[in-house]
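Participant: Handing you this structure, nothing more for now.
The values are calculated or read from the model by the stated rules, or taken from the named source; none is laboratory data. None of the values given here were measured: they were computed from a predicted structure. With ideal geometry, Cβ positions are generated from the backbone for all residues, glycine too; neighbour counts draw on all protein chains shown. Areas reflect the complete protein model, heavy atoms only, side chains present, ligands, DNA and RNA absent. Shrake-Rupley method; radii C 1.70, N 1.55, O 1.52, S 1.80 Å.
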Amino acid sequence: MKIILTHGYFLAEDAKEQQIMRPYPPLGLLYISAYLEKNGFSNEIFDSTFKSLDALQQHIIDSIPDVIGIYTNLMTKLNVLKIIGFVKNEPRLACTKIILGGPEVRNHKQKFLEFGADVIVFGEGEDSMLELVSLYSKEKNPDLNGVTGTAFRDQSGIVVTNPDRTLIRDVNHLPFPARDKIDLNLYFNAWNKKHGIRMLNLSTMRGCPYSCKWCSRAVYGTSYRRRNPGLVVDEIQWLKSQYEFDMIWFVDDVFTINHRWVSDFVSILKARQVSIRYEIITRADRLNEEIVDLLKESGCFRVWIGAESGSQKIIDAMDRRVQVEQVRSMIRLVKAKGMEAGTFIMLGYPGEDEHDIKETLHHLKDSNPDQYTVTVAYPIKGTPLYTEVENLFIEELPWEKSTDRDIDFKRRYNRKYYDHAINWIYYEMLYLRAKKNSLGWGLKLKAWKARTGMLKERLAPH
């Protein structure tokens, strides 16, 4: 049986990412691959990141796989549809079954199936994928009723959605991701050329028990399942023995959620004399001075702390369950301990007004993180935010030509206003850091122009 796994992300098509150049290997797909191998099913990964759609299509033709599994998210959805269309319209691939997984598929099951996918795997993918390839290895059109965590169309074309699959309780039994199946040097070289470092990613946990309304939990739900810290250090040691790299990006949603785990992790690193440099994401309410000291001691060089807004009113509306002053305090503490602090900002959330945006700018100026990102809020299907604004969508977009990122909804101000607001924050923060040199007044002028643009759009009829 021939199995190909891919993900449909092409770096050459992503102008913004080419500027940023921070590509990471597809860990979820690497976990699926390793799990199938562990259970006796050989498979191949076509890592599309540094390749083209044409190259992927040619490889599929050359291989004629029995099953092609495609990881699907917001960024890759439209390319995944192209891959599905290619396979379904190529006579030589008439027997190839298409299985989709990833965060995008749960809430669009029927659409993907109608477009040509044979099976949707929603939620955690390892056991569902294993059961599917086991069935397909025995017959071309097996009975999929009862295969939990999947959806398919029966012989009459009706979509059948099986119950959710029980999540893997002990994630320590998962094998290390099959990194040997892709060329990590392509990632290292891209990082090194742009940033002068070689970075890789690693996961220590699955799930997030928090309730932020805009955040999708389509794969791991609200669970919290953590790998044994000793096993994580085992993986780090294995990686150091196999590859030359400089830093690790821990992809966990809240790295410091369990303080005892962090303490044990740091103790094991010290006991084994393992030296690493790494960065994490966490929440302000899961940090304190002791934990920040442990992070610093163990090689952490950057801590991203979720904020999303500097207005407590908006943070509460998001159900973030954190105090904005606590976020500021932890950003300042991280910096005081000699690490970089990063944070995330979201504008245009329902109920936000100009006063809230001013509070957000004050929040950034007061805490002065080393890095920050600003996005305009968009609703992902399946989240409470989507449900909240669904009747406010400005236009109905064709599903096969758009993603949830393209959705705009009626807010207090129009979209141009938020574009100006992002520029206002950007130039005000640059001015804050550059006002002591000759560039300062030029930046202040640009900030004033952006502020004027906000005013014009706020007063414009819409």
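Participant: Within segment 299-321, track down each residue that is modelled with pLDDT of 95 or more and open to solvent by less than 10 Å² (accessible area, probe 1.4 Å).
Facilitator: If the condition is that a residue be modelled with pLDDT of 95 or more and open to solvent by less than 10 Å² (accessible area, probe 1.4 Å), then CYS300, VAL303, ILE305, SER309, GLY310, SER311, ILE314, ILE315, MET318 are the ones that fit.
Participant: Which of the residues that make up segment 322-331 are open to solvent by less than 10 Å² (accessible area, probe 1.4 Å) and within 13 Å of SER367 (Cβ to Cβ)?
Facilitator: Within segment 322-331, VAL327, ILE331 meet the criteria.
Participant: Those residues that are assigned to a helix (DSSP H, G or I) and either under 21 Å from the mean Cα position of the chain (by Cα) or closer than 28 Å to ASN201 by Cβ (or both), I need them from segment 294-314; list them, please.
Facilitator: LEU294, LEU295, LYS296, GLU297
Participant: Which of (1) within 17 Å of the chain's Cα centre (by Cα); (2) at pLDDT below 95 does PRO25 not meet, given it meets every other one?
Facilitator: Checking PRO25 against (1) within 17 Å of the chain's Cα centre (by Cα); (2) at pLDDT below 95, the one that fails is (2).
Participant: Now a separate question. For segment 65-79, which residues satisfy the criterion of being out of contact with any helix residue (DSSP H, G or I) (no Cβ under 6 Å at 6 or more places or on another chain), β-branched (Val, Ile, Thr) and over 18 Å from PRO23 (Cα atoms)?
Facilitator: Once the filter is applied, which keeps residues that are out of contact with any helix residue (DSSP H, G or I) (no Cβ under 6 Å at 6 or more places or on another chain), β-branched (Val, Ile, Thr) and over 18 Å from PRO23 (Cα atoms), segment 65-79 yields only ILE68.
Participant: Still on this structure, please answer the following. Give the residues of segment 376-424 that are part of a helix (DSSP H, G or I), closer than 20 Å to LEU361 by Cα and either open to solvent by 40 Å² or more (accessible area, probe 1.4 Å) or of a type in the set (Val, Ile, Thr) (or both), sorted by residue number.
Facilitator: Once the filter is applied, which keeps residues that are part of a helix (DSSP H, G or I), closer than 20 Å to LEU361 by Cα and either open to solvent by 40 Å² or more (accessible area, probe 1.4 Å) or of a type in the set (Val, Ile, Thr) (or both), segment 376-424 yields ARG415, LYS416, ASP419, HIS420, ILE422, ASN423.
Participant: Residues TRP191, TRP214: which one is in contact (Cβ under 8 Å) with a residue 60 or more places away in the chain, assigned to a loop (DSSP other than H, G, I, E, B), out of contact with any Gly (no Cβ under 9 Å at 6 or more places or on another chain) and among the hydrophobic types (A, V, I, L, M, F, W, C)?
Facilitator: TRP214 is the lone residue from the list that is in contact (Cβ under 8 Å) with a residue 60 or more places away in the chain, assigned to a loop (DSSP other than H, G, I, E, B), out of contact with any Gly (no Cβ under 9 Å at 6 or more places or on another chain) and among the hydrophobic types (A, V, I, L, M, F, W, C).
Participant: Would you mind telling me which numbered condition in (1) closer than 22 Å to CYS215 by Cα; (2) buried (at least 17 other Cβ atoms within 10 Å of the Cβ); (3) among the small types (Gly, Ala, Ser) GLY351 fails?
Facilitator: (2)
Participant: For LEU167, only one of the following conditions fails: (1) more than 25 Å from SER63 (Cβ to Cβ); (2) open to solvent by 30 Å² or more (accessible area, probe 1.4 Å); (3) in a helix (DSSP H, G or I); (4) of a type in the set (A, V, I, L, M, F, W, C). What is its number?
Facilitator: LEU167 satisfies all of (1) more than 25 Å from SER63 (Cβ to Cβ); (2) open to solvent by 30 Å² or more (accessible area, probe 1.4 Å); (3) in a helix (DSSP H, G or I); (4) of a type in the set (A, V, I, L, M, F, W, C) except (3).
Participant: Can I ask one more? How about segment 432-460: which of its residues are closer than 19 Å to PRO369 by Cα, open to solvent by 40 Å² or more (accessible area, probe 1.4 Å) and in a helix (DSSP H, G or I)?
Facilitator: Result: LEU432, ARG433.
Participant: Condition test on ALA117, is it of a type in the set (A, V, I, L, M), free of Cβ contacts under 8 Å to residues at least 24 places away in the same chain and either touching a helix residue (DSSP H, G or I) at 6+ places or on another chain (Cβ under 7 Å) or over 17 Å from LYS381 (Cα atoms) (or both)?
Facilitator: no
Participant: Restricting to segment 332-342, and then to whatever is in a helix (DSSP H, G or I) and either charged (D, E, K, R) or open to solvent by less than 40 Å² (accessible area, probe 1.4 Å) (or both), can you tell me which residue is farthest from CYS212 (Cα to Cα)?
Facilitator: Among residues in segment 332-342 that are in a helix (DSSP H, G or I) and either charged (D, E, K, R) or open to solvent by less than 40 Å² (accessible area, probe 1.4 Å) (or both), the one farthest from CYS212 (Cα to Cα) is LYS335.
Participant: State the number of residues belonging to segment 217-252 that are assigned to a loop (DSSP other than H, G, I, E, B), open to solvent by 50 Å² or more (accessible area, probe 1.4 Å) and among the polar types (S, T, N, Q).
Facilitator: Going through segment 217-252 one residue at a time, the tally reaches 2.
Participant: Please determine whether any residue of segment 175-182 is open to solvent by 20 Å² or more (accessible area, probe 1.4 Å), hydrophobic (A, V, I, L, M, F, W, C), part of a helix (DSSP H, G or I) and at pLDDT 95 or above.
Facilitator: Within segment 175-182, not a single residue is open to solvent by 20 Å² or more (accessible area, probe 1.4 Å), hydrophobic (A, V, I, L, M, F, W, C), part of a helix (DSSP H, G or I) and at pLDDT 95 or above.
Participant: For segment 282-293, name all the residues that are outside any loop (DSSP other than H, G, I, E, B) and either open to solvent by 40 Å² or more (accessible area, probe 1.4 Å) or modelled with pLDDT under 95 (or both).
Facilitator: Matches in segment 282-293: ASP285, ARG286, GLU289, GLU290, ASP293.
Participant: Now for a different question. Does any residue of segment 133-155 turn out to be within 25 Å of the chain's Cα centre (by Cα), surrounded by 15 or more Cβ atoms within 10 Å (Cβ to Cβ) and farther than 18 Å from GLU104 by Cα?
Facilitator: no
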